1. Give the aspartates and glutamates reachable from A:K43 as a straight Cα distance under 14 Å; neighbours fewer than 8 places away on the same chain don't count.
2. Using the Karplus equation 6.51 cos²θ - 1.76 cosθ + 1.60 (θ = phi - 60°), what ³J(HN,Hα) coupling, rounded to whole Hz, does each residue of the stretch B:220-231 give in order, writing x for Gly and Pro?
3. With unit charges on the beta carbons (Lys and Arg positive, Asp and Glu negative) and the dipole taken about the Cα centre of the protein assembly as shown, which residue among A:P189, B:I7, B:N119 sits farthest to the positive side?
4. Let me know the charge dipole size of the stretch A:250-359 about its Cα centre in debye, to the nearest 20, where only the beta-carbon of Lys, Arg (+1) and Asp, Glu (-1) is charged.
5. Using helices alone, what [θ] at 222 nm do you get for the protein assembly as shown, with -39,500 (n - 2.57) per DSSP H run of 4 or more residues, divided over all residues and rounded to the nearest 500?
6. Residues with amide H under 5 Å of A:M168's amide H, sequence separation 5 or more or different chain, H placed in the peptide plane at 1.01 Å from N; which?
7. From a point 7 Å beyond the Cα of A:E183 in the direction of its Cβ, which residues of the stretch A:2-22 have a backbone N at a distance under 13 Å?
8. For B:D105, what is the net charge nearby, where nearby means another residue's Cβ is under 15 Å from its Cβ and Lys, Arg count +1, Asp, Glu -1?
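What follows is calculated from the coordinates using simple rules that are stated; it is not laboratory data. Model, not experiment: these values are computed from the prediction. Cβ atoms come from the backbone with ideal geometry, glycine included; neighbour counts cover every protein chain shown.
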Amino acid sequence: MGELKLMKGNEVIAHAAMRCGCDGYFGYPITPQSEVMETLMLKKPWETTGMVVLQAESEVASINMVYAGASCGKKVMTSSSSPGVSLMQEGITYIAGAELPCLLVNVVRGGPGLGTIQPAQSDYYQTCKGGGHGDYNLIVLAPASVQEMNDFVDLGFELAFKYRNPAMILSDGAIGQMMEKVELSDFKPRWTDEEIQKISGSWATTGKTADREQHIITSLELDSESMEKINHRIQAKYRKMEEEEVRYEEIQCEDAEYIFVAYGSSSRICQKSIEIARAKGIKVGLLRPITLFPYPTKAIAKLAERVKGMLSVEMSAGQMVDDVRLAVNGKIPVEHFGRLGGIIPTPDEIVEALEQKIIGGK
Amino acid sequence: MADIDIIKDENIVYKKSKVLTDNVMHYCPGCSHGVVHKLIAEVIEEMGIQDKTIGVSPVGCSVFAYNYLDIDWQEAAHGRAPALATATKRLMPDKYVFTYQGDGDLASIGAAEIIHACNRGENITVIFINNGIYGMTGGQMAPTTLVGMKTATTPYGRDVELNGYPLKMTELVAQLPGTCYVTRQSVHTPATVRKCKKAIRKAFENQDKKIGTSFVEVTSTCNSGWKIPPVEANNWMVDHMFKFYKQGDLKDSEKDNPDDYKKFIE
C-alpha cells in the first residue's frame, strides 16, 4: 500500500511527476492548474531527485522546452489549461512530427476565447482531432478521479516512450481542483545516463560520440516521397495504438437498455444518474472511455448491437458525440447532453435528458 | 611533384575542419552563413567538444545547419531556439549548447524567447546572423532592415511611419544582467573572420565558467535578398550596415566589471 493522502488533483500531478522519475517540468501559470508548478516549486525536487523545474516566459516557450528535453531522451512534461494549451499547439505538432515522447496535462476550462476558469470538456476536438497542423494524434488519457491523476502520469510517460509520441492527460477544472483520497505511487529514481542510452540512445541528442552518426531532431523533410513515408510510419503507430492501447470502463452495462457515454467529471456524475434512473426502472449503464485516443470504438459498437440508445454526456456543445455516432454507425439513436460555460450538469438533468432525447425520442 | 608529396602534415597550412560534413552547402555565393558555420566547426574541433555540443538550428536559410556541422542538432520552430537551448542546458549542464539564428528568427518572431533566455542568464551561446532581411522566404523586410532599404515587402524602401525602426537586438540584450558577453562581428575580410572566430571561441568557453549568456551577432550580407553581387554587398554592408550596427564588443563582464565577474564565478 502506497502513501495515502488527501490532495487536490493538480497537486497530485506534481507529486506523481516527482515520484515517477520525471527529469523536467516547464510551465506557465494559468487557472485552474497553477497548483501543479506551485507544488513543484515548494517541494524543490532539484534538491532531491534532481528534477529540473522552470517557470517559462510563456506557454509557447514551455512547450518548446519540453520539445528540447524530449529530444535529449529525458522524461519531461508541462501542464496548462485551455487558452495556454491553444498557445502550445505549434510545439505539440512539432513534437508529434519529430516523434518525441513527453507528457502534457490540460486541466480544461470553459471557452471559447478567454472563457471562464470553471471546468469544461470543450477541448475534446482540439485534443483528439488535431489541434495543431498536420496528420497526428496524441495519446489521450482522461482521468475521472484524483487517483487517476496520479496513475496516469506514470502511464502517460510509459505510453509516450513506448510509441515515441506525446501523451496528454485531458483533465478538467473539477478533477484538478477537487480533493480526494489518493494512494501516491512509490518513488522511482530518474533514469541514469546509461539507462537513457539504452532506451533512447538510437535517436536522442546526447552529444555525437565518435562511435555513432549525428542525431538530428527535426520534423522537416522537403522531399515529398520521404515525407509521405514518414507520415505512413507515424500513422502505423496510431493503428497499433488502436489495436493495443484502448482503455475503457463499463459500469452496469450487463443488463442495460440504454448507455451513457461519458469521460472525466461527466462520468462521475453519470454514476449518480444511473442510480436515479434505475430507481425509476430505467436500465441504464455507463461506458467510460479512459483513452480518448485511441477511442473505444469497438466496445461502443458492440454495445450498440444490444442496447436501445446512447447519450453522450459532455460539458461541451457536443464533441465526443461524433465519435460515439461513428462507432454506432446509425444502428441506434445517439444524442448529446451537456452544459456549457463552466456549468457542471446535475445527475437529475442527465436522467431527464435521457428520458426526453433517447427514451421519449425513439 | 605528386599531390601526395605536398600533403604532408608539415606542409598543411589550412584544412577543412572534421566537424564540417562533406555535404554541399545550399547557401548562395557570397553568403556569410558558410563562413560562420566553418568558424563554429573549427572552434568545436579545437576545443575538442564535438561529443558534448548540441546545436539548435532555426527557421530561415540556416534551417539546414544540421546538414553541415557533424554534431547532434535540434531543429526548432521559428524563433523558439533559445527555449530549446534553455531546457537542453538545464537538463544536461555538462554539454555545450548553442543556438544559431537569423534576424527574422531571433529579432522578430522569437524576440520573447531570446530576451527571456538572456535575462535568465542561461549558460548558452547565441550566434545571431543579422543580414537585415528574410533570406529564405525571398527577401522580405526584417525587424533589422535599415531605414530606406528596399525589400520584397518594402519595395519603396523601409518607411519609419509605415514599418517602424530597425531593431538593435544586440544593444538590447547587452543591457540585461543575464548576458556576460555581447559582441558584434562580421566575416567580410580575412581579418574580421579571424576576429569573429576568437569571439565565437570566447562565447563557447564562457559556458565552462557558468557566467551567463554569450551573444555573438555577425553582421552579414544577403546577396540574393539585397540583389547586390558579393563584393559590392560587402562594401554596402561596411558603408550602411556598420553605421547603424556598430562593430565590436558591447559587453564583456570579464573586462568591464571584474569584481562582479569574480563574484559570478565564486
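1. Qualifying aspartates and glutamates at Cα under 14 Å: A:E11, A:E35.
2. Using θ = phi - 60°, the values come out as 10, 9, 9, 4, 5, x, 6, 6, 10, x, x, 5 Hz.
3. Sorting the options by dipole projection puts first B:N119.
4. Here the size comes out at about 160 debye.
5. Working: 24 runs with 238 residues, N = 628.
That calculation yields -11000 deg cm²/dmol at 222 nm.
6. A:L104, A:I139, A:V140, A:L141
7. Under 13 Å, as judged by backbone N against the label point of A:E183, lie A:2-5 of the stretch A:2-22.
8. So the surrounding residues net to -4.
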